[in-house]
Amino acid sequence: MFRTFSSGLKTGRDAWCYAWDHESLASNVEVMLDQYATLQREFSDYAAREGIATPKEPDVTRYLAAHPERTGVGKVSWNRSIKQHVARWGLLHG
């Protein structure tokens with residue numbers, strides 16, 4: 001049924017959430033969450049230093065453009081939705 005009628009999940013993080021065994025899956029998810037938490041901390045510090053009182057998705061996009069080590073192969077796919085979450089996290093926990 002899914003092969004015929006479903007295009008699957010489209011979150012940009014699908015590759016992180018599939019594995020052949022439990023250990024690999026747990027490792028994938030842990031790496032993904034670590035990358036997300038690292039960006040949240042770094043971006044929150046950046047926003048505070050830059051005086052960005054109400055961070056938005058474009059601010060996260062600029063930060064990522066200036067820090068290419070946070071993007072690319074083996075890194076989280078920072079789509080618009082996830083960047084919005086990173087920006088809001090700073091407001092809630094800053």
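The values are calculated or read from the model by the stated rules, or taken from the named source; none is laboratory data. Bear in mind the structure is a predicted one, so any value in this text is a computation, not a measurement. Counting neighbours? That spans all protein chains shown, and the Cβs are built from the backbone with ideal geometry, glycine included. Calculation scope for accessible area: heavy atoms of the full protein, side chains included, ligands and nucleic acids excluded. Shrake-Rupley method; radii C 1.70, N 1.55, O 1.52, S 1.80 Å.
So the values come out like this:
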item: So ALA66, is it closer than 15 Å to TRP89 by Cβ and at pLDDT 90 or above; result: no
item: Scan of region 36-73 for residues that are of a type in the set (Val, Ile, Thr) and open to solvent by 60 Å² or more (accessible area, probe 1.4 Å), ordered by number; result: THR54, VAL73
item: Test: residue in region 73-85 that is among the hydrophobic types (A, V, I, L, M, F, W, C), out of contact with any helix residue (DSSP H, G or I) (no Cβ under 8 Å at 6 or more places or on another chain) and modelled with pLDDT of 90 or more; result: no
item: Among residues of region 23-80, those that are of a type outside the set (A, V, I, L, M) and in a loop (DSSP other than H, G, I, E, B), counted; result: 12
item: Complete set of residues in region 80-94 that are closer than 27 Å to ALA15 by Cβ and either basic (Lys, Arg) or open to solvent by 50 Å² or more (accessible area, probe 1.4 Å) (or both); result: ARG80, SER81, LYS83, GLN84, HIS85, ARG88, TRP89
item: Filter pass, ASP21 being of a type outside the set (Phe, Trp, Tyr) and at pLDDT below 90; result: yes
